[in-house]
Structure formats: structure tokens, C-alpha cells
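**Student:** Handing you this structure, nothing more for now.
Nothing in this text is a laboratory measurement; each read-out follows from the coordinates by a stated rule. Everything numeric in this text was worked out from a predicted model, so none of it was measured. So basically every Cβ, Gly included, is an ideal-geometry build from the backbone, and we count neighbours across all protein chains shown.
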């Protein structure tokens, strides 16, 4: 059957004989035609789905990348704004330390907490809580006295310096890390 079908198709292609069209139609019964058309439909539908899904995935990936870039730019803008508005501190680590000690002596833990650098969430709530605990224990004046004895220890790099508070026997008690806010150009207490 397929051999005869092939010969008829070649005659049609080569000689364009109308009589052979009728032979071809007679040869292809209804059942075969339905199966053949179904096969072609599935073949083209599968190819279309495969092509579309690949193209769709690429489109989704590009949209996702664009969204990630936009989110990163928004985060960067929020960080820069927070750093620009973070104006509590001095032009040197010593000046920031002196301001911090003055706020402790005044009992103003809210102001004292503002001399700390912002954390990853652009907040300094943990420092406010810590200082409030110290205040509740009536130890702010003692803390102010201890911090007033801090001495320059070392420069880690241009925008990071350390001060140290020694015990009475000159063993180190506490290292205070200072960092320079790169936007407002003021020194902040990074960590204790």
C-alpha cells in the first residue's frame, strides 16, 4: 500500500496527473486519513508546545532578572537614603566617642543609640534595647566613665578604627569598633 502511495505521489509531483489524484484518494481510506491527520496534529502541537515552553521560559527568566535588578536598585536607594539621613556622629572616631559618652552621662539612651551604625535592617533597635537595659540597672554613669577611658588602639583600614578600654591592670577589657559612614562621612560605633 505504501509503495503504491509513494508511486502515486511521485507521479503527482512530477507529472501533475489529475487521474492519479482520484487513485490516491481511493487508496487512502477514511480511517488512515484520520490517523494520519491526528499524527500530524500531534506532531505540530508537540513541536509548538516545546517551542513555546522554551521561549516562555526564556521570557520568564529575563523578566525575573529584570525584577531582581529593580529590587536591588530599590534596596540600594533605601540604603543610600538611610546612610544619608544618619547624621549623628563626629568627624573623627574620638568625636563620636565623646558625643556617645555625653549622651550616656545625660541618661539619654535614645540619643546614645544613634551613635551606633545601622544594622542590616537599617535599624539600631538592638543597641537601644541594650542601652535601656544598662539604664534600668542604673549603670549608665559607670558605662560613661568606662567609655571615657577608651584609647585609640589601631587603624584597621582608612574607614575602620578601633579604640580599647583597658582594665586597671592594663589588660584589654573592651574593643570598640568605629566605621566611617561612606555617604554622610561621619564616624559610627560599629560594635562593642
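**Student:** Most exposed first by the Cβ proxy, i.e. fewest other Cβ within 10 Å, how do 153, 88 rank? Show your work: numbers first, answer last.
**Tutor:** Numbers: 153 16, 88 20.
Ranking 153, 88 by Cβ neighbours within 10 Å, fewest first, gives 153, 88.
**Student:** On a full-extension model of 0.36 nm per residue, what is the gain between residue 139 and residue 158, subtracting their alpha-carbon distance, rounded to one decimal in nm?
**Tutor:** Details: separation 19, 0.36 × 19 = 6.84 nm, distance 3.32 nm.
Length gained, residue 139 through residue 158: 3.5 nm.
**Student:** Kindly state, to the nearest 0.05, the FRET efficiency for residue 44 paired with residue 71, given R0 = 30 Å and r defined as their beta-carbon distance.
**Tutor:** Details: r = 40 Å, r/R0 = 1.32.
My answer for the efficiency is 0.15.
**Student:** What is the fewest-to-most order of 87, 171, 96 by other Cβ atoms lying within 10 Å of their Cβ?
**Tutor:** On the way: 87 11, 171 7, 96 23.
So the residues, fewest neighbours to most, are 171, 87, 96.
**Student:** Would you order 119, 108, 169 from fewest to most other beta-carbon atoms within 10 Å of each residue's own beta-carbon?
**Tutor:** Numbers: 119 11, 108 15, 169 6.
Lowest to highest Cβ neighbour count: 169, 119, 108.
**Student:** For the residue pair residue 105 and residue 183, what label-to-label distance in nm results when each label sits 7 Å from Cα along the Cα-to-beta-carbon direction?
**Tutor:** Label-label distance for residue 105 and residue 183, simple model: 3.3 nm.
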